[in-house]
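The block underneath contains the structure these notes are about, expressed in structure tokens.
The values are calculated or read from the model by the stated rules, or taken from the named source; none is laboratory data. No experiment lies behind these values; they were computed from the predicted model shown. Virtual Cβ from ideal backbone geometry, glycine too; neighbours counted across all protein chains shown.
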Ligand code: ADP
Ligand code: MG
């Protein structure tokens, strides 16, 4: 195994390159380029092939090529704007026009008839056959014939730095590349086995691919050199998360005894029996919690699969040991609902549930904080307010985070820090199922289990897509359905994310529907309402006092009103699959046959049509997640901006997903065999983000 490269090797500052002063350094830094190594990884976004000549007659419109010919005629026009047309002919007598709109007198003089020109550009149809506008060109000396022997890299633009300077900087940086063995971190035997080049070779190849390189593979990001880099980057992220997990587990946690007396009381009081999947996942949690190291587990379960009760049972294991539990949800509405559910279940068995959100202020806040600090509040439910400084638990044993994808890694770590008597056990719940290999990458710091079964008696939701013009018909259908005692949601969605604009749209839809449906009781909830008003609207809806609830996407997660069996989603074409699936999950929770109407504006884009079709065809969250991955890539799917795996430089999870099994296997091996290599790989690729590991 190779030894770890020294940090000095990878952290050489840009100022060590000639010609990089403070001004240029700042421009490069603005693009995230601050070390020589960053330039090695500043990869071309494309390539120009000047290693060969294309006969003019073989040129194709839209396909970039290099040609060579002698100037036949020059025409300078001024009619509307300055223009220079240079006709060249090659040895096979093909002629081509080079057209310029900006040029200097000296340039015109260059194009004396008979001069040999080599030009590169993308031809397009002109007045007399193909022409190239503003080609890159060069006047050839008599007798000059040599062609380039590598493809020319085209780098992503850097504001304020010309393309030629970028190229020169990269060439200079590459001169600092150490020998292959000094740079390499991955085991050579493993690389050989996978048929992948060394890191050095990969970098050199990508900056100057040989003339015979597979250009199509390069453009598609599938060249072995690119795969090699993507693999190392994915590996680094995987190792970063796994190392973080190991560090946490090394801190240890207090094991719970596994006293199930309270759990049994809750189960006896529930109006239903657990599904097989719920029982299995609960058993896993109980086992985890009996260990003297922190549980780090993600429970995936489709909307309505009954995650909450499983979390409540885990919480009771902690309470039975006289310790505390925090349950944190991303929105106040969802947190409130958990609070009410848990209080409903736990009050009767004598467990005290506390409530803490940002809007709890003054005396009420002081009182909750006191209860949290004294341990009087055994289960504390809230929003991210729970993580703020000044919230001190008496003895936090278990931190439960619902709808994980909305919280970042660092937020989870902040909760971790609340457990002063050892690290708290962590349970993360998400209703956004993600494909397994992806889960192993995104949540490499967590064990993953799935509640992959819905409670019995649920009837699948019938989903239809309707163009917005059929709204009047739909309103009539709602009137009839509600007359039969059904309840409905009408979800207003907008591109604009601001609460303000959403609230206005919901307000006007509310007024319009109220006017159109005078016999119905219409309610409204949106993010701008006072919590008390929001809550009373939700409670009235739940109690059957409202027939039709007009809402913004605040109801997306967690809201649970089993009697609601009809949902209309406006502008459904604008939402992603995961969000539509979440919203739809609000219906189909009771025994009544439910339906979901996706109202869309014409014309539909191909992507939007596929999304709506997918929803009409399936309600399986895992299938929808796979489709979402195909359609949008993993970024959106995982909410990567927040999960800490964002910002891949080279890897693209959708394109490179097939590398993940190899990545996971290699990560296992390195964690076992070579901790120093692990540190070096993480430092090289993840850098600052890896600081979480040490946090
Ligand atoms: P989610 O997994 O989406 O968070 P919830 O925990 O909100 O789902 O549960 C959805 C609904 O199903 C709730 O009304 C809950 O009480 C009910 N529920 C949970 N488990 C079962 C079960 N085993 N049988 C019947 N209903 C259940
Ligand atoms: Mg839930």
So, in the stretch 243-264, exactly how many residues are at negative phi and not in a helix (DSSP H, G or I)? 7
Do you know which residues across the stretch 175-184 are under 12 Å from residue 40 (Cβ atoms), outside any loop (DSSP other than H, G, I, E, B) and touching a helix residue (DSSP H, G or I) at 6+ places or on another chain (Cβ under 6 Å)? 183
Going residue by residue through the stretch 185-206, is there one that turns out to be outside any loop (DSSP other than H, G, I, E, B) and touching a strand residue (DSSP E or B) at 6+ places or on another chain (Cβ under 9 Å)? yes
If you go through the stretch 422-435 one residue at a time, do you hit one that is closer than 25 Å to residue 323 by Cβ, surrounded by fewer than 19 Cβ atoms within 10 Å (Cβ to Cβ) and modelled with pLDDT under 80? yes
Residue check, residue 193 over 30 Å from the mean Cα position of the chain (by Cα) and surrounded by 17 or more Cβ atoms within 10 Å (Cβ to Cβ): no
Only residues that are away from ligand 1 (no atom under 16 Å from the Cβ), in contact with a helix residue (DSSP H, G or I) (Cβ under 9 Å, 6 or more places away or on another chain) and assigned to a helix (DSSP H, G or I): list them for the stretch 514-547, please. 516, 531, 534, 535
Residue check: is residue 506 within 22 Å of residue 580 (Cβ to Cβ) and part of a helix (DSSP H, G or I)? yes
Residue by residue through the stretch 557-589, note down the ones that are without any contact (Cβ under 8 Å) to a residue 60 or more places away in the chain and within 16 Å of ligand 2 (Cβ to nearest atom). 562, 579
Mind listing whichever residues of the stretch 454-468 are crowded, with 18+ Cβ neighbours inside 10 Å and within 16 Å of ligand 2 (Cβ to nearest atom)? 454
Among the numbered criteria (1) over 30 Å from the mean Cα position of the chain (by Cα); (2) not in a loop (DSSP other than H, G, I, E, B), which single criterion is violated by residue 360? (2)
For the stretch 245-262, indicate whether the set of residues that are within 16 Å of ligand 1 (Cβ to nearest atom) and modelled with pLDDT of 95 or more is non-empty. no
Taking the stated definitions as given, is residue 303 surrounded by 23 or more Cβ atoms within 10 Å (Cβ to Cβ), more than 17 Å from residue 378 (Cβ to Cβ), modelled with pLDDT under 95 and out of contact with any strand residue (DSSP E or B) (no Cβ under 8 Å at 6 or more places or on another chain)? yes
Criterion: more than 16 Å from ligand 1 (Cβ to nearest atom) and in contact (Cβ under 8 Å) with a residue 12 or more places away in the chain - qualifying residue of 266, 270, 239: 239
Go through the stretch 548-566 residue by residue and tally those that are in a loop (DSSP other than H, G, I, E, B), out of contact with any strand residue (DSSP E or B) (no Cβ under 6 Å at 6 or more places or on another chain) and closer than 25 Å to residue 471 by Cβ. 4
List the residue pairs whose Cβ atoms are under 7 Å apart, where the first residue sits in the stretch 417-432 and is closer than 20 Å to residue 255 by Cβ and in a loop (DSSP other than H, G, I, E, B), the second is more than 16 Å from ligand 2 (Cβ to nearest atom) and modelled with pLDDT under 70, and the two are 6 or more positions apart or on different chains. 423/416; 424/416; 424/418
With respect to the numbered conditions (1) buried (at least 17 other Cβ atoms within 10 Å of the Cβ); (2) away from ligand 2 (no atom under 16 Å from the Cβ); (3) at pLDDT below 90, which one is the sole condition not fulfilled by residue 388? (1)
How many of the residues in the stretch 273-296 are in a helix (DSSP H, G or I) and more than 14 Å from ligand 1 (Cβ to nearest atom)? 7
Restricting attention to the stretch 297-356, which residues are closer than 24 Å to residue 536 by Cβ, touching a residue at least 24 places away in the same chain (Cβ under 8 Å), within 16 Å of ligand 2 (Cβ to nearest atom) and assigned to a helix (DSSP H, G or I)? 308, 332, 333, 334, 335, 336, 337, 338, 339, 341, 342, 345
Of (1) assigned to a helix (DSSP H, G or I); (2) more than 13 Å from ligand 1 (Cβ to nearest atom); (3) out of contact with any helix residue (DSSP H, G or I) (no Cβ under 8 Å at 6 or more places or on another chain), residue 389 satisfies all except one. Which? (1)
